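J.: A single structure is presented below for examination.
The values are calculated or read from the model by the stated rules, or taken from the named source; none is laboratory data. This one's a predicted model, so the numbers in the text were calculated from it and none came from an experiment. No Cβ is skipped: glycine too gets one built from the backbone with ideal geometry, and neighbour counts run over all protein chains shown.
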Amino acid sequence: MGLLCVVVWASAAAAQSTPLHYRNSGDMPPGAIGRAQLQRGGPLPGFFQPIEILAPAGALVAMAQQGTFEPTAPTPRRAGILIGQVYRLKVTQISGNPGIEVFPTIELIDRIYPPRGMETEFPIPIQITKQDLLLAAEGKMVTRVIYLEDPHQALPVAQQGNEQHWFDVGRGDDPLRAADALGRPVAILRMGGLVPDSSGPDQRFLFGSPPYVPLGSFEEVHHSAPLPYQPPAAGQLPAPGQLPANEVAPSERFPR
């Protein structure tokens with residue numbers, strides 16, 4: 001079994017137009033699907049699932065903590081993050097595109113179950129491609145759904161190194177539903193043209209800067225305290241079903 005992803009690219013307007021007779025869809029607000037998953041109970045709440053963030057060569061990535069972004073660093077970047085929370089990233093130094101910054105989000109909606117003691121050897125890969133970053137910088141909405149493939153429907157292709165196989169579901173199709181048909185969705189990567197305003201990111205933009213654990217061993221992830229976390233005050237987070245405030249529209253960033 002492997003972890004693959006399906007991708008959809010759309011304009012901000014087109015991303016909200018297709019009615020679905022399905023409990024969840026890929027264009028739901030960040031955090032909505034993960035929070036619903038937590039209501040199932042079981043070994044999901046409080047579990048720091050290992051992930052590995054992969055960005056294009058030369059690009060730098062920062063995670064948010066304590067209401068701001070940490071210093072940027074190259075990838076791969078490994079961390080343990082919580083299911084149902086939304087983690088905001090900052091991606092800079094995109095090759096050939098100086099000055100452009102993109103702010104994706106990662107939402108875990110399920111965990112994986114490797115052999116006991118080998119948890120950190122099988123992180124969920126979150127791959128951010130240069131093509132996706134440039135589309136997001138232009139104001140396009142990009143959604144990647146990472147799923148654990150069904151061994152009976154596995155793609156008959158070999159995976160090389162950190163390469164993550166993906167395919168585009170096409171305009172008007174739902175990547176979450178496509179991933180669900182092929183396996184078990186575990187994570188959603190979203191990016192678009194949203195950036196903080198001139199005052200910088202606030203807790204709403206950062207979805208409260210949820211805690212994460214820098215990934216060493218599995219014991220470090222689950223027996224060490226996460227990075228310091230001060231829960232945001234009431235009113236500082238988006239209400240369920242809403243996107244964060246304090247953001248600038250793509251047309252204001254890239255005048256044509």
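J.: Pick from the stretch 180-219 the residues that are part of a helix (DSSP H, G or I) and touching a residue at least 12 places away in the same chain (Cβ under 8 Å): which of them is surrounded by the fewest Cβ atoms within 10 Å (Cβ to Cβ)?
T.: Asp180
J.: Taking the options Arg23, Arg35, name whichever one is modelled with pLDDT of 70 or more and of a type in the set (Lys, Arg). Show your work before the answer.
T.: Numbers: Arg23 fails: modelled with pLDDT of 70 or more.
Criteria check complete, one pass: Arg35.
J.: Same structure, new question: With the structure loaded, tell me whether Gly96 is more than 16 Å from Leu38 (Cβ to Cβ) and in a strand (DSSP E or B) or whether it fails that test.
T.: On the way: more than 16 Å from Leu38 (Cβ to Cβ): yes; in a strand (DSSP E or B): no.
The answer is no for Gly96.
Results for (1) at pLDDT 70 or above; (2) within 20 Å of Pro30 (Cβ to Cβ), shown as yes or no for each residue.
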residue	(1), (2)
Glu149	yes, no
Val186	yes, yes
Gly192	yes, yes
Ser198	yes, no
Leu243	no, yes
Arg256	no, no
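J.: Follow-up. Would you be able to tell me the number of residues in the stretch 59-83 that are outside any strand (DSSP E or B) and within 14 Å of Gln127 (Cα to Cα)?
T.: Keep residues of the stretch 59-83 that are outside any strand (DSSP E or B), which gives 59, 66-67, 70-72, 74-76.
With the extra rule that they be within 14 Å of Gln127 (Cα to Cα), the set shrinks to 59, 74-76.
Summing the residues that are outside any strand (DSSP E or B) and within 14 Å of Gln127 (Cα to Cα) in the stretch 59-83 gives 4.
J.: Please name all residue pairs, on different chains or six or more residues apart, with Cβ atoms under 6 Å, provided the first residue is in the stretch 79-97 and is more than 16 Å from Val61 (Cβ to Cβ) and at pLDDT below 95 and the second residue is surrounded by fewer than 22 Cβ atoms within 10 Å (Cβ to Cβ) and basic (Lys, Arg).
T.: Gly84/Arg35
J.: Among what's in the stretch 33-46 and is farther than 19 Å from Thr105 by Cα and touching a strand residue (DSSP E or B) at 6+ places or on another chain (Cβ under 8 Å), pick the residue that is surrounded by the fewest Cβ atoms within 10 Å (Cβ to Cβ).
T.: Gly46
J.: Give the stretch 99-154 a look and list any residue that's assigned to a strand (DSSP E or B), among the charged types (D, E, K, R) and more than 18 Å from Tyr87 (Cα to Cα), or say none. Steps first, please.
T.: Our first condition is that a residue be assigned to a strand (DSSP E or B); within the stretch 99-154, this holds for 102, 105-108, 124-127, 141-149.
Still in the running and among the charged types (D, E, K, R): 107, 144, 149.
Across the stretch 99-154, the qualifying residue is only Glu149.
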